[in-house]
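In what follows, a single structure is set out as structure tokens and then discussed.
The values are calculated or read from the model by the stated rules, or taken from the named source; none is laboratory data. Computed from a predicted model, the values in this text were never measured in an experiment. Don't worry about glycine lacking a Cβ; one is built from the backbone with ideal geometry, like all the others, and counts go over all protein chains shown. Ligands, DNA and RNA are excluded from the accessible area calculation, which covers all protein heavy atoms including side chains. Shrake-Rupley method; radii C 1.70, N 1.55, O 1.52, S 1.80 Å.
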Amino acid sequence: MAARNPGTGLELGWISKVHVNQPAVLRHAERIRTRRTVKSNWQAAWLLKAVTCMDLTTLSGDDTPSNVHRMCYKAKHPIREDLLKAMDMHDKAVCVYPTRVTDAVNALKAAGCNIPVASVAAGFPSGQMPLQTRLDEIKLAVGYGAREIDIVINRALVLTGQWEDLYEEIRQCHEACGDAHMKTILSTGELGSLANVYKASMVAMMAGSDFIKTSTGKEVENATLPVGVIMMRAIRDFYWQTGNKVGFKPAGGIRTAKEAITWLMLVKEELGVEWLKPELFRLGASSLLEDIEKQIFHHVTGNYPVYHDLPMA
């Protein structure tokens with residue numbers, strides 16, 4: 001992770017005059033989506049970059065120690081070793097529920113790697129628990145060994161314009177994280193408008209969020225390019241005003257290698273190459289890695305894999 005975001009005081013004047021030109025945002029996002037994709041060696045390079053920025057996630061109600069261990073092994077070996085010959089790769093982060101943090105920490109320790117474990121907390125995915133319960137859950141996950149905490153906001157505070165209360169809740173969550181980095185999930189599909197997405201992004205960063213994240217992956221609408229444009233513009237504005245760099249994480253519904261490359265291109269265009277590293281950009285995905293590994297297999301061998309070629313996908 002990059003340096004912690006110390007946050008700022010709540011500046012309501014900063015967000016009170018926000019106006020979003022929605023048609024322009026939609027046109028810009030569509031232009032990015034339909035842009036001609038890169039091919040051959042360039043495509044392989046972009047896909048490997050995507051893998052370096054990926055958080056492997058399992059957030060199912062039937063999670064067990066065994067499937068957490070399996071995911072941790074995949075985080076240590078995201079792509080088949082023979083396909084990565086002469087390629088420089090980074091280990092991945094993993095994201096689990098608080099009760100599975102210890103399993104993940106132990107599995108990664110046994111594998112001899114220092115991959116950070118992230119945990120969702122603070123009433124994930126609805127954010128409707130009492131504040132004290134959410135704070136206790138954060139402290140529990142940190143105590144279990146989580147080095148990154150993904151909190152989720154109470155969307156009602158955004159929809160009713162209670163920005164002071166939203167700021168204070170996120171600030172207290174940041175404090176409860178201690179030395180762990182905090183990602184704030186905005187659940188953008190439930191915020192009502194792109195203007196609310198910008199305002200919630202800005203309040204989250206003012207309150208000390210180290211990353212802002214689109215979705216829990218449980219909403220009907222998850223990561224979309226127009227939302228990504230708005231959140232990245234907020235990140236850029238916050239950096240220009242404070243000098244503090246905040247990371248960005250799209251999550252939910254990103255399943256194909258082509259979609260991953262599109263997100264990387266959008267980050268490069270809106271925030272610059274400096275953000276294209278895992279300290280400031282993450283891709284949240286549960287099934288994306290499988291398609292990326294298939295595309296890299298095809299690039300190396302000229303053939304698409306059959307089932308037994310990628311048994312851990």
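The table below lists the values:
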item: Most mobile of Asn244, Asn303, Asn67 in a GNM of the chain (Cα contacts under 10 Å); result: Asn303
item: Per residue value of the accessible surface for the chain (all protein chains in place, 1.4 Å probe), Å²; result: 44
item: Read-out mean projected area of the Cα convex hull in nm², derived from the coordinates shown; its label in (1) 18.7; (2) 15.5; (3) 16.7; result: (2)
item: Charge dipole (debye, nearest 20) of the stretch 121-235; +1 at Cβ of Lys and Arg, -1 at Cβ of Asp and Glu; result: 240
item: Base-10 log of normalised Debye intensity for the stretch 3-68 (one unit scatterer per alpha-carbon) at q = 0.15, 0.19, 0.20 Å⁻¹; result: -1.02, -0.96, -0.94
item: Theoretical gain in end-to-end length, Glu274 to Tyr239 [0.36 nm per residue, Cα-Cα removed]; result: 11.3 nm
item: Candidates Trp263, Trp14, Trp163, ranked by Gaussian network fluctuation over the chain, Cα under 10 Å, top entry; result: Trp14
item: Most mobile listed residue (Arg155, Arg100, Arg27) in the chain, GNM with C-alpha springs under 10 Å; result: Arg27
item: Apportionment of accessible area to carbon and sulfur, the chain, percent (1.4 Å); result: 51
item: Convex hull projection area averaged over all views, the stretch 180-256, Cα basis, nm²; result: 5.2
